[in-house]
1. Suppose the filter is open to solvent by 40 Å² or more (accessible area, probe 1.4 Å) and under 22 Å from Arg20 (Cβ atoms); does Asp167 pass it?
2. Only one residue in Arg133, Arg114 is open to solvent by 50 Å² or more (accessible area, probe 1.4 Å), more than 24 Å from Arg269 (Cβ to Cβ), out of contact with any Lys or Arg (no Cβ under 9 Å at 6 or more places or on another chain) and outside any loop (DSSP other than H, G, I, E, B). Which one?
3. Taking into account only those residues within region 248-269 that are in a loop (DSSP other than H, G, I, E, B) and open to solvent by less than 70 Å² (accessible area, probe 1.4 Å), which is nearest to Glu205 (Cα to Cα)?
4. Do we have Val87 as touching a strand residue (DSSP E or B) at 6+ places or on another chain (Cβ under 9 Å), in contact (Cβ under 8 Å) with a residue 60 or more places away in the chain, over 19 Å from Gly263 (Cβ atoms) and open to solvent by less than 10 Å² (accessible area, probe 1.4 Å) here?
5. Here are some residues: Leu156, Leu116, Leu174. Which one is closer than 26 Å to Thr226 by Cβ and in contact with a Ser or Thr (Cβ under 8 Å, 6 or more places away or on another chain)?
6. Being in contact (Cβ under 8 Å) with a residue 60 or more places away in the chain, farther than 21 Å from Gly263 by Cα and assigned to a helix (DSSP H, G or I) is the filter here, so list the residues in region 211-235 that pass it.
7. List every residue pair whose Cβ atoms lie under 8 Å apart, where the two residues are 6 or more positions apart in sequence or sit on different chains, the first residue falls within region 137-160 and is within 18 Å of Val265 (Cβ to Cβ), and the second residue, located anywhere, is open to solvent by 40 Å² or more (accessible area, probe 1.4 Å) and in a helix (DSSP H, G or I).
8. Please work out which one of (1) touching a helix residue (DSSP H, G or I) at 6+ places or on another chain (Cβ under 7 Å); (2) open to solvent by less than 10 Å² (accessible area, probe 1.4 Å); (3) of a type in the set (Gly, Ala, Ser) is the condition Ser206 fails and give its number.
Amino acid sequence: MNSEPPASRIDVSKPHPARRYDYWLGGKDNFPADRESADMVAEAFPTVRLAALENRSFLRRVVAYLADAGVRQFLDIGAGLPTAGNVHEIAQDIAPESRVVYVDNDPIVLVHARALLNSSPEGATAYLDADIREPDRILAHPDLARVLDLDQPVALMLVAIMHFITDDDGPYELVRKLCDALPSGSYLVMTHATSDHLTAEELAESNAANLRSGVPFRLRSTEEFTRFFTDLELVPPGIGSVMTWRPGEWRPHPRPEAVSMLGAVARIR
């Protein structure tokens, strides 16, 4: 863990994915650099705020599904800033004994971590100041061991984080290492921004906008996304738009290209 006080490590002059996501969700814990970066992305992808909202809705449905299925442990990497319907709130509403570990590398999230640690008396929560690019550090962290029993099933939540991991960082290897550390009966939950609906010209424009935004970003196709789930057992309906994963009651919804976010849940054998 970084020994510096979290407030002293906050650099508001540079955009951060967690604060940018907070802006798209209508939150207040963001700064001009985050908003400027977010607006640059929106120039190429005007419905990005809708995508953020649908992604959050997917997370809530998945956590409820897994809690109903008997999962009692969750590892949420790239948790972001607290907002209504955090993982522990949803899981503990169904099963108060649920245990949740949140991981993020934004010191502002650490400042707000108390909201993520408001566990039910029967359950437990913890927050780790760490980066997904260092999976060994996450897995060996004493606070993770205090809250989660890695001999029992865990839901690994990688929601809207892997598109910030470029190919140079070995994204598939990172996910595999995390999954390999979990026992049979665990789950991988992932969402990812996709290039499926873009022409070559639109993809080039999107890549340029992301480059200007100052936040590394890698759109991936369904084929590329599917590779994350090699040797895992996909939960029906499998891989598709986050909007179509067990949507519950019918409601009006946009076309998939307006959201351009893939989602899936898979059981680790």
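The values are calculated or read from the model by the stated rules, or taken from the named source; none is laboratory data. This one's a predicted model, so the numbers in the text were calculated from it and none came from an experiment. Backbone-built Cβ (ideal geometry, glycine too); neighbour counts: all protein chains shown. The protein model used for the area step is the full one, side chains on, heavy atoms only, and it has no ligands, DNA or RNA in it. Shrake-Rupley method; radii C 1.70, N 1.55, O 1.52, S 1.80 Å.
1. Working: open to solvent by 40 Å² or more (accessible area, probe 1.4 Å): yes; under 22 Å from Arg20 (Cβ atoms): yes.
So Asp167 passes the test.
2. Exactly one of Arg133, Arg114 is open to solvent by 50 Å² or more (accessible area, probe 1.4 Å), more than 24 Å from Arg269 (Cβ to Cβ), out of contact with any Lys or Arg (no Cβ under 9 Å at 6 or more places or on another chain) and outside any loop (DSSP other than H, G, I, E, B), namely Arg114.
3. By that ranking, first place goes to Ser260.
4. Details: touching a strand residue (DSSP E or B) at 6+ places or on another chain (Cβ under 9 Å): yes; in contact (Cβ under 8 Å) with a residue 60 or more places away in the chain: yes; over 19 Å from Gly263 (Cβ atoms): no; open to solvent by less than 10 Å² (accessible area, probe 1.4 Å): yes.
Answer is no for this residue.
5. Leu156
6. Arg212, Ser213
7. Matching pairs, first to second residue: Ala160/Tyr21.
8. All conditions are met except number (2).
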